[in-house]
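Here the structure comes first, spelled out in structure tokens, and everything after it is commentary.
The values are calculated or read from the model by the stated rules, or taken from the named source; none is laboratory data. No experiment lies behind these values; they were computed from the predicted model shown. Here the Cβ is made from the backbone with ideal geometry for all residues, glycine too, and neighbour counts use every protein chain on show. Surface accessibility is based on the protein's heavy atoms, side chains included, excluding ligands, DNA and RNA. Shrake-Rupley method; radii C 1.70, N 1.55, O 1.52, S 1.80 Å.
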Amino acid sequence: MNEINVHIGSRVRNYRRMKGLTLQQLADAIHKSRATVSKYETGEITLDIETLYDISSALDVDLNQLTDYRPQKSKPCVTVDYSGRSPFFHAERLYFYFYDGRYNRLKDGIIDVHKNAENDGCFEASLSIRSVTPTGRVSEVYYSGKVLYSDTLIRFSFVNQYNKLEEDLLYIFNPLELRDFTEGLLCGISSADLSPCAFKCLVTLTPQEATEDLKQHLLFTNKELKRWQKMNMLIVDNHG
């Protein structure tokens, strides 16, 4: 089965579920049979561009949120920017991790950066965050936004596709030395309880295993908590 078809189909299924539509309701909206839409979602049928537009309109999402497929490289490569900027500067895909202590879950996501062809200085971004419940159920939340670069910091501003009140800011460091990971801070309004929140996070150029070591790395230490208590502020250092 074609990987692109499977990827687009899974995007259609996830956005349909997020919007609370059944297969039949989506089928009715785009004037297709329920069986056909089911095959779209499993990747058995290749979607033509006209149908993709119809689906994106029915689901109220941008077309590129359905067609953001990018093949994985067999050997991840870190490109060195000899202008002195880190490999995170204008990277097209980043991998994102944080630990949510409210639910005792390690969450991961993918950040895709899209350069605006009409404006070289404008970069848009999409973020999908995945979590796995103790019962093994996988859920994803999708965000869209923009990116602002500087020599030391990168700022992402994201809005939840279906809850405009949930706007998140992600600040990450451009590492001072060549490495494939960096730390940052995710802050915003939680959609679960509409309360301000902040998470220590890890952003990498290559996918990471969801291990206990990764979880421990994302926990606040007692030393950090004592330091922040003295300053009455939450920070994350750019250290190795």
Filter result (open to solvent by 90 Å² or more (accessible area, probe 1.4 Å), modelled with pLDDT of 90 or more and of a type in the set (Lys, Arg)) within the range 175-225: none
Can you confirm whether GLU44 is in a helix (DSSP H, G or I), open to solvent by 70 Å² or more (accessible area, probe 1.4 Å), of a type outside the set (S, T, N, Q) and at pLDDT 90 or above? no
If you scan the range 141-173, which residues turn out to be open to solvent by less than 10 Å² (accessible area, probe 1.4 Å), closer than 13 Å to CYS201 by Cβ, aromatic (Phe, Trp, Tyr) and touching a residue at least 40 places away in the same chain (Cβ under 8 Å)? PHE156
Looking only at the range 55-67, filter to residues that are farther than 14 Å from TYR162 by Cα and surrounded by 17 or more Cβ atoms within 10 Å (Cβ to Cβ); which one of those is farthest from the chain's Cα centre (by Cα)? ILE55
Looking for something more than 25 Å from GLU124 (Cα to Cα) and touching a residue at least 40 places away in the same chain (Cβ under 8 Å) - is there at least one such residue anywhere in the range 2-23? yes
